[in-house]
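K.L.:
A single structure is presented below for examination.
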Amino acid sequence: MLKIKKGGVHPQDEKKSTAGKKIEFLPVPSRLFIPLRQHIGEPAVPVVKVGDIVKKGQMIAESPDGRGTPVHSSTSGKVAETGNCMHPIYGLSPCIVIESDGLDEWQENLLTERSYENINVPELIDIIFKNGIVGMGGAAFPTHIKLSPPKDKKIDMLIVNGAECEPYLTSDYRMMIEFPDEIIKGILIVMKILNINKCFIGIEDNKPEAIRLMTEKCKGTPIQVAELETRYPQGAEKMMIKVITGREVPSGKLPMDVGCVVQNVSTLKAVTDAVEKNIPLIERVVTVAGKTVQSPKNLMVRIGSTFKDMFEYCGGFSGKNGKIIMGGPMMGMAQVNVDSAVIKAASGIVAIAEDDVDYQTERACIRCGRCVEACTMGLRPNILSILSEKGQHQTAQTDYDLMDCVECGCCYYVCPARRTIVHYIRQSKAKNSMLRAASKTGSK
Ligand code: SF4
Ligand code: SF4
């Protein structure tokens, strides 16, 4: 086993309340609000209409050009509405509302038993596409596209992300403890698709039981476990590649440019379900945690359940919340309310007690340099934030590698002036992308 150490920050991990608890199944809610936008890019296009009867696992929206993924019904019932629902990232967004019939009946042609060894590579990729698999670690990039790199990119290594470095989150940890065989099978499927024989599973050393179990399960396979120092943001793709392989993804480039593909452990379990059982991605494990949550848990949740459904199942709240976040507190998205629907990328929902929310107002940069020291991407966050304030967004990009920022939040975490550096960086990225779009269409 490799022993690897490298940069970052050390927030309190807050994982104790859920790490030791077995995954529980959230009962299917009477209404599921299934968002059609499950990944970056265009939403899926509905293929059902109000009043249609649907089965569990039936495709209800398609991706006609194959650049996205289809969406499936998470239970059996009736299409009650098509319209907008609260999306945890995009706000009001198109969705299909399924009214459950309480039977939870699978569509007929699903649940077939088959071995990936008897399926050829183009067929494997097609199965992954048709079953709506996306990256479940947060980025939600369509998996069939990630597994189809251009011919000139020579991939020789798969990196499996089991780091789960965000505070509170333990859903990937529970997946490794409860579904190790399915994860290993998913790795072997992906290695077959990429035609490679090298793979490392990166796990932080605050998860000794997962390291022990995965190491045991990897015996006799070409897969190795890489034990990583517990240090946020160890799970960021570029950082993980660097600490495990020593390869540095150049500015503006992707993991495939250094021969790597990165996949999250939960995605690999979904790949196995799709390939060997023809089960589409209709549920996932979500950590429900935070100081005010009565009984924090990891829940297996149908896509389209609401955050409210999950908090209620966990006994509601014992105090006043200052913030609800989808994902972890470092990189997660603050929510307007608890009506948001679970999407395929939702690894956790965290309630931050009112007393714990940092309401300090931001002050001028005192040039202490702490953010520069904390930035794992080797950027100068202080300068990026100042350039953004001054509206010099393009300079931030051309001279200070703005686009390399992975928005991990380490700079904000250490900043004594409480400067909302990530907010400034996102603003600059958005302005530059608007300028690029405008220059393409010729508008000013
Ligand atoms: S500048 Fe970006 S990558 Fe660097 S610490 Fe801040 S958020 Fe993370
Ligand atoms: S940590 Fe904050 S105050 Fe210190 S240099 Fe960075 S932005 Fe300025």
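K.L.:
With both bridge residues required to lie in the chain, what share of the DSSP beta bridges run antiparallel, to the nearest 5%?
P.N.:
Here the share of antiparallel DSSP bridges comes out near 60 percent.
K.L.:
With a 1.4 Å probe and all protein chains kept in place, how much accessible area does residue 423 have, in Å² rounded to the nearest 10?
P.N.:
100 Å²
K.L.:
For each pair in 185/269; 151/192; 198/219; 15/291; 21/344; 151/344, compute the distance between the two Cα atoms and list the pairs where it is over 18 Å.
P.N.:
Violating the 18 Å limit, Cα to Cα: 21/344; 151/344.
K.L.:
How large is the dipole of the chain about the Cα centre if only Lys and Arg carry +1 and Asp and Glu carry -1, each at its Cβ, rounded to the nearest 20 debye?
P.N.:
For this selection, approximately 1180 debye.
K.L.:
Enumerate by residue number the trypsin sites (Lys or Arg not before Pro) in the stretch 277-344 meeting two conditions: DSSP loop (anything except H, G, I, E, B), and at most 14 other Cβ atoms within 10 Å of the site's Cβ.
P.N.:
320
K.L.:
For a bin width of 10 Å, list the pair-distance distribution of the stretch 98-213 built from all Cα-Cα distances, rounded to whole %.
P.N.:
Result, from short to long distances: 10, 36, 34, 17, 2 percent.
K.L.:
Straight-line reach from residue 390: which lysines have a Cα under 28 Å away, not including same-chain ones fewer than 8 places off?
P.N.:
In chain and number order, the partners are 253, 429, 431, 440, 444.
K.L.:
So what's the net charge close to residue 50: Lys and Arg +1, Asp and Glu -1, counting the other residues with Cβ under 10 Å from its Cβ?
P.N.:
Cβ neighbours under 10 Å give a net charge of 0.
K.L.:
Okay, next question. Can you list the residues, at least 5 places off or on another chain, whose amide H is less than 5 Å from the amide H of residue 235, using H built in the peptide plane?
P.N.:
165
K.L.:
Tell me, what is the per residue accessible area of the chain in Å², probe radius 1.4 Å?
P.N.:
Result: 44 Å² of accessible area for each residue.
K.L.:
Within the chain, what's the longest stretch lacking GluC sites (Glu not before Pro) that sit in DSSP loops with no more than 10 other Cβ atoms inside 10 Å?
P.N.:
No qualifying site falls inside 114-444, the longest such stretch.
K.L.:
Strictly greater than 14 Å: what percent of every Cα pair in the stretch 370-441 meets that?
P.N.:
Tail of the P(r) past 14 Å holds 54 percent of the pairs.
K.L.:
Semi-axes of the equivalent ellipsoid for the chain, please: Cα gyration tensor eigenvalues, times 5, square-rooted, ordered largest first, whole Å. Working shown, then result.
P.N.:
Working: eigenvalues 208, 142, 113 Å².
Output for the chain: semi-axes of 32, 27, 24 Å.
K.L.:
While we're on this one: So which residue, out of 100, 266, 433, gets the largest mean-square fluctuation from a GNM of the chain using Cα contacts under 10 Å as springs?
P.N.:
Maximum fluctuation in the GNM of the chain, among the listed residues, is at 433.
K.L.:
Sum -39500 (n - 2.57) across every DSSP H segment of at least 4 residues in the chain, then divide by the residue count to get the 222 nm mean residue ellipticity, nearest 500.
P.N.:
So the helix-based figure for the chain works out to -8500 deg cm²/dmol.
K.L.:
So, with a 1.4 angstrom probe, what is the percent of accessible area on the stretch 215-266 that is carbon and sulfur?
P.N.:
Working: 940 of 1990 Å².
For the stretch 215-266, the apolar C and S fraction of the accessible surface comes to 48 percent.
K.L.:
Find the centroid of the Cα atoms in the stretch 282-308 and in the stretch 186-233, then give the distance between the two in whole Å.
P.N.:
26 Å
K.L.:
Just tell me which aspartates and glutamates come within less than 20 Å, Cα to Cα, of residue 320; anything on the same chain fewer than 8 places away is out.
P.N.:
14, 309, 312, 339, 354, 355, 356, 358
K.L.:
Might you list the cysteines of the chain that have no disulfide-compatible partner by the rule of another cysteine's Cβ under 4.7 Å?
P.N.:
Cysteines of the chain left without a disulfide-compatible partner: 165, 199, 218, 260, 314, 365, 368, 375, 405, 408, 410, 415.
K.L.:
Just want the answer: with Cβ charges of +1 for Lys and Arg and -1 for Asp and Glu, which residue in 314, 92, 76 is farthest toward the dipole's positive end in the chain?
P.N.:
Farthest along the dipole direction, towards plus: 92.
K.L.:
Once whole DSSP H runs in the chain are found, which of them have Cα atoms spread over 20 Å or more along the helix axis and a mean Kyte-Doolittle score of at least 0.5?
P.N.:
The answer, listed by residue number, is 180-194.
K.L.:
Okay, moving on. Which residues' amide hydrogens lie under 5 Å from the amide hydrogen of residue 56, considering only partners 5 or more residues apart or on another chain, with H built in the peptide plane?
P.N.:
For residue 56, whose amide H was placed from the backbone, the distant partners under 5 Å are 76, 105, 106, 107.
K.L.:
Next up: Using a 1.4 Å probe on the protein heavy atoms, what percent of the accessible area of the stretch 370-441 belongs to carbon and sulfur?
P.N.:
51 percent
The values are calculated or read from the model by the stated rules, or taken from the named source; none is laboratory data. Computed from a prediction, not measured in an experiment: that's the story for all the values here. Positions of Cβ are backbone-derived with ideal geometry, glycine not excepted, and every protein chain shown enters the neighbour counts. Accessible surface areas use protein heavy atoms only, side chains included; no ligands, DNA or RNA. Shrake-Rupley method; radii C 1.70, N 1.55, O 1.52, S 1.80 Å.
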